[in-house]
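Q: Questions regarding the structure given below will be posed in turn.
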There are 4 protein chains.
Amino acid sequence: MIDFLPDKPIYQQIMEKIFGDLLKGNVKPGDRLPSVREYALEFGVNANTMQRVYKELELLHLTETKRGQGTFVTEDMQRLEELREEMKQTLVTTFLNQMESFGFTEEEIIVQLSSRKRGELN
Amino acid sequence: MIDFLPDKPIYQQIMEKIFGDLLKGNVKPGDRLPSVREYALEFGVNANTMQRVYKELELLHLTETKRGQGTFVTEDMQRLEELREEMKQTLVTTFLNQMESFGFTEEEIIVQLSSRKRGELN
Amino acid sequence: MIDFLPDKPIYQQIMEKIFGDLLKGNVKPGDRLPSVREYALEFGVNANTMQRVYKELELLHLTETKRGQGTFVTEDMQRLEELREEMKQTLVTTFLNQMESFGFTEEEIIVQLSSRKRGELN
Amino acid sequence: MIDFLPDKPIYQQIMEKIFGDLLKGNVKPGDRLPSVREYALEFGVNANTMQRVYKELELLHLTETKRGQGTFVTEDMQRLEELREEMKQTLVTTFLNQMESFGFTEEEIIVQLSSRKRGELN
DNA sequence: GTGGTCTAGACCACG
DNA sequence: GTGGTCTAGACCACC
């Protein structure tokens, strides 16, 4: 179920997965997340690696940690929406910049996008 | 003119830039590329870094080294086209996978893409 | 009314609050303090946490526990005065050491202190 | 020369020391800081601990790390000044809040401050 | 049981 | 040689 890319820090990949779960609503605001040790087992990583994941999530104000009780998803919906929007813009902007830097035309981009979507979604 | 992202290998960023120049036609097949030292100066990087760039470009068969004469862009147009297509697919696939993993809907993606394009291109 | 700092033990924060009440005279020597359970409810913390608060207060000879009757503020005024003086010195010394370790000049300290006081007190 | 307080993370204490050096001007903007390994030796801590120190300093935009070259003090003097001012305010505010929460009068604070200063500076 | 800190040591990517 | 990642395992503070 979990296979990490070799060229990207594991803790980042886990962060992104949890972040994705948050944005997709799989995890609700206020929910208690699994403990560091539980997640470490589930993902097959060291507890310290998970520790770091939670620390970074907290820096983004996505989670709050309550001493001795666990880690909780922020209830600040606005912050969540902000990050979601920010992420969307960043991904799209980065994508378009890359395409442009490699000289792909707008038409090519559209064609490729739609062909991929057909392949995926139909 | 050159500002490297801190989170990506410099040699890769330079590779991408040269690759982009190739794809965009700024550099023509058969053209002689600047020497390692020239480029190292231009980009303000270590000569070893440029060495690696050229090595990797050669592994992709994008360039050929002629002893004592310098490094030249491949004249194998087909190879160039192959890589161009491959790159296009990779970028688009990666982009869509990311968007999906963060739970963005197809509609959102379209809206964001078109709004960005308007901002950029008009 | 109660919001605990995340980076400091809750039991210490509660201790400081009660200590402050003592020093400010909100609570008089000989007064009976609320029971562990009452305080636990009021502060919204675990009863064990309050237990610890009382234990530490007793170690400081600030309170005395009478079996079956509850916890009472010490009537030893001298002890109270001692602790008050001690606390004052500790706080001031710590403050000055910190300011010094960050290289703030005596003048800066004075200016900042007086500007803050004006803002607060007038 | 270095003795760490037992009740505060070592990495924080080191951070504060370096931060203090920055604010005091012992280290100039643009200066290269000792490497992780050098500092680890000097402070007698693990290299990972120093790694963390540098990471946190970077989050504060106090340092910049150049791949394979080392860690450098930011040249953004404004950022430095900002943090200095912020730190000054935070320390003073925290100090006054604490004194107030323990019921010390303004006069007591002034007396204690000046007596400490005499002890220290004359 | 929870999260947080620290150490020791290995390995990698980069310049 | 530089910083960065990861693991393994110990120990602590808090609830």
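Q: If residue D:18 satisfies every condition in (1) over 22 Å from residue B:8 (Cα atoms); (2) open to solvent by 60 Å² or more (accessible area, probe 1.4 Å); (3) touching a residue at least 12 places away in the same chain (Cβ under 8 Å); (4) within 14 Å of DNA strand F (Cβ to nearest atom) but one, which is the exception?
A: Going through the list (1) over 22 Å from residue B:8 (Cα atoms); (2) open to solvent by 60 Å² or more (accessible area, probe 1.4 Å); (3) touching a residue at least 12 places away in the same chain (Cβ under 8 Å); (4) within 14 Å of DNA strand F (Cβ to nearest atom), residue D:18 breaks only (2).
Q: Take the residues in region A:46-76 that are over 19 Å from residue D:52 (Cβ atoms) and not in a strand (DSSP E or B), then tell me which one is most open to solvent (accessible area, probe 1.4 Å).
A: Once the filter is applied, the top-ranked residue is A:75.
Q: When you go through (1) part of a loop (DSSP other than H, G, I, E, B); (2) open to solvent by less than 30 Å² (accessible area, probe 1.4 Å); (3) among the basic types (Lys, Arg) one by one for residue C:28, which number turns out not to apply?
A: Result: residue C:28 fails condition (2) only.
Q: Only one of C:6, C:29, C:34 is at pLDDT 90 or above and over 15 Å from the mean Cα position of the chain (by Cα). Can you tell me which?
A: One residue alone meets the criteria, C:34.
Q: Would you please name the residue that is most open to solvent (accessible area, probe 1.4 Å), looking only at residues in region C:84-107 that are more than 7 Å from chain D (Cβ to nearest Cβ) and within 23 Å of residue D:18 (Cβ to Cβ)?
A: Applying the filter and picking the extreme gives C:100.
Q: For region A:29-80, which positions are in contact (Cβ under 8 Å) with a residue 40 or more places away in the chain, within 12 Å of DNA strand F (Cβ to nearest atom), over 24 Å from residue C:8 (Cα atoms) and touching a helix residue (DSSP H, G or I) at 6+ places or on another chain (Cβ under 7 Å)?
A: Residue satisfying the conditions is A:43 alone.
Q: Spot the failing condition for residue C:4; the list is (1) away from DNA strand F (no atom under 16 Å from the Cβ); (2) surrounded by 14 or more Cβ atoms within 10 Å (Cβ to Cβ); (3) assigned to a loop (DSSP other than H, G, I, E, B), and only one is missed.
A: Checking residue C:4 against (1) away from DNA strand F (no atom under 16 Å from the Cβ); (2) surrounded by 14 or more Cβ atoms within 10 Å (Cβ to Cβ); (3) assigned to a loop (DSSP other than H, G, I, E, B), the one that fails is (1).
Q: Here's something else I'd like to know. Filter region A:108-122 down to residues that are modelled with pLDDT of 85 or more and facing another protein chain (nearest Cβ under 7 Å) and give me whichever is surrounded by the most Cβ atoms within 10 Å (Cβ to Cβ).
A: This residue is A:112.
Q: Here is a further query. Would you check if there is a residue in region D:9-30 being within 14 Å of DNA strand E (Cβ to nearest atom) and β-branched (Val, Ile, Thr)? Before the answer, list the steps.
A: Step one: of region D:9-30, the residues within 14 Å of DNA strand E (Cβ to nearest atom) are D:9-17.
Next, only the ones that are β-branched (Val, Ile, Thr) stay: D:10, D:14.
Yes, the conditions are met somewhere in region D:9-30.
Q: Looking at region A:60-72, which of its residues are within 14 Å of the chain's Cα centre (by Cα) and of a type outside the set (S, T, N, Q)? If you could, list the steps in order and put the result at the bottom.
A: Of region A:60-72, the ones within 14 Å of the chain's Cα centre (by Cα) are A:60-63.
Hits for region A:60-72 are A:60, A:61, A:62.
Q: Determine, yes or no, whether residue C:84 is among the basic types (Lys, Arg), in contact (Cβ under 8 Å) with a residue 40 or more places away in the chain and within 29 Å of residue D:106 (Cβ to Cβ). Lay out the reasoning, then the answer.
A: Numbers: among the basic types (Lys, Arg): yes; in contact (Cβ under 8 Å) with a residue 40 or more places away in the chain: yes; within 29 Å of residue D:106 (Cβ to Cβ): yes.
Considered against the rule, which asks whether it is among the basic types (Lys, Arg), in contact (Cβ under 8 Å) with a residue 40 or more places away in the chain and within 29 Å of residue D:106 (Cβ to Cβ), residue C:84 comes out as yes.
Q: Which of the residues spanning region A:31-45 are open to solvent by 90 Å² or more (accessible area, probe 1.4 Å), more than 9 Å from DNA strand E (Cβ to nearest atom) and of a type outside the set (A, V, I, L, M)?
A: A:42
The values are calculated or read from the model by the stated rules, or taken from the named source; none is laboratory data. Every value quoted in this text rests on a predicted model; they were computed, and no experiment measured them. Please note: Cβ atoms are built from the backbone with ideal geometry, for glycine as well, and neighbour counts cover all protein chains shown. Remember, those area values only see protein heavy atoms, side chains included, never the ligands or the DNA or RNA. Shrake-Rupley method; radii C 1.70, N 1.55, O 1.52, S 1.80 Å.
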